[in-house]
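Asks: I have a structure I would like to understand better, so I am pasting it below and will then ask my questions one at a time.
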Amino acid sequence: MRGANGTLNRTPLPVVDGQPTHKASAQVTCPLELDRSGRRVRLASGTRIDLGGIAKGWIAESAARVLSQYAGVCAVNAGGDLFTIGIPAGETVWDVALEDPRDPQATLVTLHVGPGAVTTSYITKRSWVKDGQRQHHLIDPRTGQPAQTGWLSVTVIAPRASVAETYAKAILIAGSGEAMALAGRRKDVEFIAVEGQGQLWSSGGAKRYLDIKGG
């Protein structure tokens with residue numbers, strides 16, 4: 001992804017398929033050719049595409065746009081990737097509960113957002129223990145290993161779901177040291193991050209969406 005400081009790239013599937021079993025090269029080259037004019041992708045033999053990191057948000061938005069042909073107000077939530085169109089009658093915003101990554105049954109904070117995308121990425125949803133160390137599924141392409149980040153989740157608010165989903169993962173992988181600069185590359189991206197003790201970090205513009213008391 002352009003502007004992601006190397007936190008997202010086209011890494012070959014064997015590096016990320018299942019639980020990493022060895023340290024992968026951070027300089028690995030993806031055997032993939034894009035034919036933009038013909039809208040085609042050519043893969044090397046023995047490789048395949050996994051769009052799990054970016055496709056779900058796009059699917060949620062596409063589904064919402066189909067629904068909007070029949071209803072002026074609608075929302076599609078695809079397991080952490082939410083896209084809304086319009087505003088419910090009698091309301092001025094959508095109220096979106098932000099899940100506490102330490103307790104899926106708890107709401108950490110309520111967001112008040114307009115139409116568009118709200119996407120969250122976690123390191124707590126898919127994790128396992130290897131050699132006594134907890135691992136997770138978000139791989140840092142710069143190392144080929146689960147990202148070393150002090151955050152448990154990152155939520156991004158943006159007009160497009162594909163942008164929100166991509167930046168949620170990139171910012172979570174980047175961590176606090178690079179997050180502000182990364183998010184600052186787009187004026188339409190705001191983020192909220194959750195630390196291990198439940199403390200919140202956010203970009204400057206995201207504060208207008210927060211309702212701490214509502215959480």
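The values are calculated or read from the model by the stated rules, or taken from the named source; none is laboratory data. This structure is a prediction, so every number in the text was calculated from the model and none was measured. Heads up, the Cβs are rebuilt from the backbone with ideal geometry, glycines too, and the neighbour counts pull from every protein chain shown.
Asks: Quick check on the range 198-214: of everything there that is at pLDDT 85 or above and part of a loop (DSSP other than H, G, I, E, B), which residue is nearest to the chain's Cα centre (by Cα)? Break it down into steps so the answer makes sense when it comes.
Replies: Step one: filter the range 198-214 for residues at pLDDT 85 or above, giving 198-210.
With part of a loop (DSSP other than H, G, I, E, B) added as a condition, the list becomes 198-199, 203.
Working: G198: 19, Q199: 19, S203: 15 Å.
This residue is S203.
Asks: Restricting to the range 173-195, count the residues that are assigned to a helix (DSSP H, G or I) and either in contact with a helix residue (DSSP H, G or I) (Cβ under 9 Å, 6 or more places away or on another chain) or modelled with pLDDT of 95 or more (or both). Don't jump to the end; show me each part of the working.
Replies: Filtering the range 173-195 for residues assigned to a helix (DSSP H, G or I) gives 173-174, 179-183.
The next check asks that each one be either in contact with a helix residue (DSSP H, G or I) (Cβ under 9 Å, 6 or more places away or on another chain) or modelled with pLDDT of 95 or more (or both); those that pass are 174, 179-183.
Selection size over the range 173-195: 6.
Asks: Quick one: is W58 more than 21 Å from A193 (Cβ to Cβ), surrounded by 15 or more Cβ atoms within 10 Å (Cβ to Cβ), in contact with a Ser or Thr (Cβ under 9 Å, 6 or more places away or on another chain) and touching a residue at least 12 places away in the same chain (Cβ under 8 Å)?
Replies: yes
Asks: Just the residues that are out of contact with any helix residue (DSSP H, G or I) (no Cβ under 8 Å at 6 or more places or on another chain), among the small types (G, A, S) and not in a loop (DSSP other than H, G, I, E, B), please, taken from the range 33-62. Give the steps one after another, and end with the answer.
Replies: Residues of the range 33-62 that are out of contact with any helix residue (DSSP H, G or I) (no Cβ under 8 Å at 6 or more places or on another chain), as a first pass: 33-46, 51-52, 55, 59, 62.
Now drop any that are not among the small types (G, A, S), which leaves 37-38, 44-46, 52, 55, 62.
Selection gives A55, S62.
Asks: When only residues in the range 154-183 that are closer than 23 Å to P115 by Cβ and not aliphatic (A, V, I, L, M) count, which is farthest from the chain's Cα centre (by Cα)?
Replies: Looking only at the range 154-183, we keep the residues that are closer than 23 Å to P115 by Cβ, and these are 154-169, 171, 183.
Going one step further and asking which of them are not aliphatic (A, V, I, L, M), we end up with 155, 159-160, 162, 165-167, 169.
Numbers: T155: 7, P159: 14, R160: 12, S162: 9, E165: 4, T166: 5, Y167: 6, K169: 4 Å.
Out of the qualifying residues, it is P159.
Asks: Then there's this: What about R65, is it outside any loop (DSSP other than H, G, I, E, B), basic (K, R) and at pLDDT 90 or above?
Replies: Numbers: outside any loop (DSSP other than H, G, I, E, B): yes; basic (K, R): yes; at pLDDT 90 or above: yes.
It is true that R65 is outside any loop (DSSP other than H, G, I, E, B), basic (K, R) and at pLDDT 90 or above.
Asks: Tell me, which residue of the range 79-116 that is touching a Pro at 6+ places or on another chain (Cβ under 9 Å), aliphatic (A, V, I, L, M) and farther than 16 Å from Q199 by Cα is surrounded by the most Cβ atoms within 10 Å (Cβ to Cβ)?
Replies: That would be I85.
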